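Encoded as structure tokens, the structure appears first; notes follow it.
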Ligand SMILES: NC(=O)c1ccc[n+]([C@@H]2O[C@H](COP(=O)([O-])OP(=O)(O)OC[C@H]3O[C@@H](n4cnc5c(N)ncnc54)[C@H](OP(=O)(O)O)[C@@H]3O)[C@@H](O)[C@H]2O)c1
């Protein structure tokens with residue numbers, strides 16, 4: 001049974017996404033805006049959420065112009081459980097359903113675990129983990145009534161292996177991975193797919209928007225580091241859409257990211273040694289650079 005060009009439920013494997021209703025959190029810049037663009041190109045109707053409404057309206061305006069997209073903007077602080085649930089309710093009452101939820105809103109936190117400010121860490125958990133779970137819970141209720149849907153959780157390769165001075169952020173993504181793995185099994189009988197996307201370094205303002213919880217971790221912010229260059233956010237957007245269509249379980253953006261995660265699983269001690277050395281080296285270079293600027 002179909003309603004207009006919209007099938008009665010969820011996302012059919014390999015099927016077209018035209019007319020589907022997708023909610024994207026953190027949609028006003030970076031990876032979220034790129035995913036919104038890729039879904040708009042497919043003909044999805046979109047509910048875009050984030051806190052900065054000016055940026056949100058700008059992205060919505062651009063997608064309306066480029067793709068004639070039907071868009072609802074919902075100013076949302078995802079760390080507030082009530083707002084996370086209201087986002088799904090508003091989307092359902094506006095569009096009549098929710099086929100796809102992309103839990104993308106996120107932020108980083110830098111600092112050694114033994115020194116992290118716990119209020120900072122709690123806040124990052126509220127955004128990266130509890131916000132995503134609250135939105136999932138609300139969306140699943142709608143998807144169950146419809147007969148299916150797809151939830152996408154944007155994790156990270158560091159949700160697979162922790163990096164020095166990134167332990168707090170990694171912990172939020174490990175938590176998201178854990179909950180996603182269980183939810184994937186639990187939701188199968190409801191015809192709800194759960195896709196986890198694990199980007200590596202991506203060219204966005206992510207590190208500038210991350211919290212420096214501890215003096216001495218500043219070199220992690222704004223660095224254009226890594227053993228590889230970051231990918232364009234549009235690549236993550238396109239890959240995410242393909243994963244939704246295929247109902248994939250877990251997705252990496254580059255072969256390098258995939259190999260790094262395999263290496264981390266097979267040789268955790270070697271990776272830990274390597275990352276310790278690289279972190280010390282970067283910190284030294286950062287400090288020398290700072291001294292040189294004086
Ligand atoms: N960039 C990378 O290298 C990379 C790698 C792996 C994974 N990721 C993940 O990809 C996702 C997107 O990150 P990005 O790189 O695109 O970073 P970004 O450019 O900083 O974008 C973050 C997005 O999250 C939103 N956001 C932050 N706090 C929020 C809150 N409390 N409520 C609602 N929205 C909030 C921001 O909008 P407002 O500030 O206006 O609310 C913004 O739209 C994150 O989950 C991140 O962990 C990024």
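What follows draws every value from the coordinates through simple rules; no lab data is involved. This structure is a prediction, so every number in the text was calculated from the model and none was measured. Cβ: placed from backbone, ideal geometry, glycine included. Neighbour counts: every protein chain shown.
Here are the numbers:
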quantity: Diffusion constant of the chain at 25 °C, which comes from Stokes-Einstein with the Kirkwood Cα-pair radius and 0.890 mPa s, µm²/s; calculated: 126
quantity: Dimensionless Rg ratio for segment 173-214, taking C-alpha atoms and the 2.2 N^0.38 Å reference; calculated: 1.63
quantity: Calculated [θ] (222 nm, deg cm²/dmol) that DSSP helices of n ≥ 4 give over the chain, each run adding -39,500 (n - 2.57); calculated: -15500 deg cm²/dmol
quantity: Pair residue 112, residue 55: separation of 7 Å Cα→Cβ label points (nm); calculated: 3.1
quantity: Reciprocal mean inverse distance between Cα atoms of segment 73-198 - Kirkwood radius, Å; calculated: 15.0
quantity: Stokes-Einstein D for segment 76-137, Kirkwood Rh over Cα pairs, 4 °C, 1.567 mPa s (µm²/s); calculated: 102
quantity: Normalised contact order of segment 9-254, rounded percent, pairs of Cα under 8 Å and 6 or more residues apart; calculated: 24
quantity: Potential lengthening between residue 191 and residue 209 on full extension [0.36 nm per residue; Cα-Cα distance subtracted]; calculated: 2.9 nm
quantity: Descending semi-axes in whole angstrom, ellipsoid equivalent of segment 226-288, from the Cα gyration tensor; calculated: 30, 17, 7
quantity: C-alpha center-to-center spacing [segment 32-109, segment 242-283] in angstrom; calculated: 29
quantity: Residue with peak Gaussian network fluctuation, the chain [Cα springs, cutoff 10 Å], from 169, 277, 252; calculated: 277
